[in-house]
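In what follows, a single structure is set out as structure tokens and then discussed.
Here, each number is a calculation from the coordinates, and none is a lab measurement. These numbers were taken from a predicted model, which means no experiment stands behind them. With ideal geometry, Cβ positions are generated from the backbone for all residues, glycine too; neighbour counts draw on all protein chains shown.
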Amino acid sequence: MLIELKKLNKTYQGAQPLHVLKDLSLEVEKGEFIAIRGASGSGKSTLLNVIGILDNYDSGEYWLDGRLIKDLSEREAAEYRNRTIGFIFQSFNLINFKTAVENVELPLFYQGVPRRQRHEMAMEYLDRLGLKERAQHYPNQLSGGQKQRVAIARALITHPQLILADEPTGALDTVTAREVMALLRDINRSDHVTMIIVTHDLKVAAETDRTIHIRDGEVVLD
Ligand code: ADP
Ligand code: MG
């Protein structure tokens, strides 16, 4: 089992506390290709952020690859995250003043990989994603689909066990969305990377092996 959530609860504190995840339990095996669907505001991004160790939860348990993820220090969380998890976002989250290849190199920079080596690895991944010729382009010189492929290369370069994608096709046209989904599927098969993809798009969900429905912070259908 790669992911085990046991009766997870999370409340956003504030003037009006909001109980977002409610006794949520979920198990994900290594190598699964999963969609998470649910209405806007149902807690999908919150769930993904908890799984991605970007955010804490209040009660319950979160086991990732046999390790209890609870009360980690900032440093431990970042360490574990960088080693284990890759992220893909709807808005790509590329750094605009860095070229495509520099964006892809970034996670390796944080891991202390020497400059030349990380450049070579980044070029390999760009090549794999069909973007070798675009390596020196800046994000604003790339199409949406190309930007997302750069972001996928960046997510893959650390060989994560798990890729978390929050509406990865949300900003793309239908044809490009299909291409990106096909790419994620290929990567899932060839690299045995577990993929969890948040989407409101039925067609995108239909291309995965399993769809988890979230309503009001609870799993209603799996
Ligand atoms: P989804 O991704 O399914 O649209 P979210 O997980 O983003 O849902 O949000 C779930 C609920 O929590 C929403 O009502 C949202 O407004 C609220 N919310 C999300 N993030 C925060 C936050 N940082 N602080 C307070 N409330 C939040
Ligand atoms: Mg969301």
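Miscellaneous remarks
- The largest-to-smallest principal axis extents of the Cα set in the stretch 161-222 are 32, 28, 16 Å.
- Label-to-label distance for K7 and S190 is 4.4 nm, based on points extended 7 Å past Cα in the beta-carbon direction.
- Within straight-line cross-link reach of K22, aspartates and glutamates at Cα separation under 14 Å, skipping those fewer than 8 residues along the same chain: D58, E61, D216, E218
- Distance from the alpha carbon centroid of the stretch 173-222 to that of the stretch 98-166 works out to 21 angstrom.
- Approximate spin-label separation L202-S25, in nm, with each point projected 7 Å along Cα-to-Cβ: 3.1
- Taking a ≥ b ≥ c as the square roots of the Cα gyration tensor eigenvalues, the stretch 73-209 comes out oblate, since a/c reaches at least 1.5 and a/b does not exceed b/c.
- Segment A182-D65, length gained on full extension (0.36 nm per residue, minus Cα span): 39.5 nm
- Burial ordering of H159, H213, fewest other beta-carbon atoms within 10 Å first: H159, H213
- Cross-link pairs beyond the 19 Å C-alpha cut-off, checked among K10/K70; K6/K44; K147/K203; K44/K147; K6/K30; K30/K203: K147/K203; K44/K147; K30/K203
- Between L54 and E133, the contour length at 0.36 nm per residue exceeds the alpha carbon distance by 25.1 nm.
- Charged-residue dipole, Cβ positions (Lys, Arg, Asp, Glu), the chain about Cα centre, Debye nearest 20: 440
- Exposure proxy ranking, count of Cβ atoms within 10 Å, fewest first, for V198, V150: V198, V150
- From helices alone, the chain scores -11000 deg cm²/dmol at 222 nm; the rule is -39500 (n - 2.57) for each run of n ≥ 4 DSSP H residues, then divide by the residue total.
- Only Lys, Arg (+1) and Asp, Glu (-1) charged, at Cβ; the stretch 29-92 dipole about Cα centre in debye: 220
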